[in-house]
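This report concerns only the one structure given below.
The values are calculated or read from the model by the stated rules, or taken from the named source; none is laboratory data. These numbers were taken from a predicted model, which means no experiment stands behind them. Note that each Cβ is placed from the backbone with ideal geometry, even for glycine, and that neighbours are counted across all protein chains shown. We work out accessible area using only protein heavy atoms, side chains counted, and drop any ligands, DNA or RNA first. Shrake-Rupley method; radii C 1.70, N 1.55, O 1.52, S 1.80 Å.
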Amino acid sequence: MIRFYLRQLMSFVFLWLPVAVLFWAIWRWARSTPRIGPPAWRSYMAIVATTFVALSALLWVTSILWARAIGGFPYYDSALLRIFSWGGLTSLAGLLTSVLGKGKLKWPSCGLSALMIILWFAAAMGE
């Protein structure tokens, strides 16, 4: 019985934790002033990194919800492998661009990119 509740809790955390952190980072950035500091290109790199992380998190949530709706993916499904590759690439791009970024979005983007890389890698290893 405890195993069931622990499984439900972990599935909820892994599904919604990246989204919650992403919304928190954007909310924190939106309340700050100035949003774009000198040098401007580094602030824009942090925004690009957050965009990559948002795409990766969106792909993560939609793929989990889609898998639950269709009853799971077949073994080595080509669509699932494509989702893994796109998710891993967008999170890796987010990590690389967040290193160049500056401002309030840099560290949340960097941390969330690392989390998403770990989640995508763990999901791919489970295949």
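With a 10 Å radius around each residue's Cβ, average the other Cβ atoms per peptide and rank 34-43, 57-66, 104-113, highest first. Mind showing how you got there, number by number?
Working: 34-43: 12.6, 57-66: 16.6, 104-113: 22.1.
Ranking, from highest mean packing down: 104-113, 57-66, 34-43.
Taking the alpha carbon gyration tensor of region 54-106, what are the square roots of 5 times its eigenvalues, largest first, to the nearest whole Å?
Working: eigenvalues 159, 30, 4 Å².
The equivalent ellipsoid of region 54-106 has semi-axes of 28, 12, 5 Å.
Determine, for each peptide in 72-83, 92-103, 3-14, the mean count of other beta carbons within 10 angstrom over its residues, then list the peptides with the highest first.
Working: 72-83: 12.2, 92-103: 19.5, 3-14: 10.2.
Averaged packing, sorted descending, gives the order 92-103, 72-83, 3-14.
With a 10 Å cut-off between alpha carbons and a GNM built on the chain, which of A69, A30, A54 moves the most?
A69
Leaving out ligands, DNA and RNA, and with a 1.4 Å probe, what % of the accessible surface on the chain is carbon or sulfur? All intermediate terms of the calculation are to be shown ahead of the outcome.
Numbers: 6050 of 8090 Å².
Ligands and nucleic acids excluded, carbon and sulfur reach 75 percent.
Add +1 for every Lys or Arg and -1 for every Asp or Glu among the other residues with Cβ under 12 Å from the Cβ of L100, and state the total. If you can, show how the numbers build up before the last one.
Details: positive: R42, K102, K106; negative: none.
Overall, the nearby charge balance is +3.
Principal axis extents for region 27-86, Cα atoms only, whole Å, descending order, please.
That gives 49, 20, 8 Å along the principal axes, largest extent first.
Mind pulling up the Rg/Rh value for the chain? Radius of gyration and Kirkwood radius, both on Cα. Don't skip to the end; give the middle numbers.
Numbers: Rg = 16.1 Å, Rh = 15.4 Å.
We get a ratio of 1.05 for the chain.
So, for the chain, what is the accessible surface per residue at a probe of 1.4 Å, expressed in square angstrom?
Numbers: 8090 Å² over 127 residues.
That works out to 64 Å² per residue.
For a quick protection proxy, order the peptides 15-23, 119-127 by their average other-Cβ count within 10 Å, most packed first.
Final packing ranking: 15-23, 119-127.
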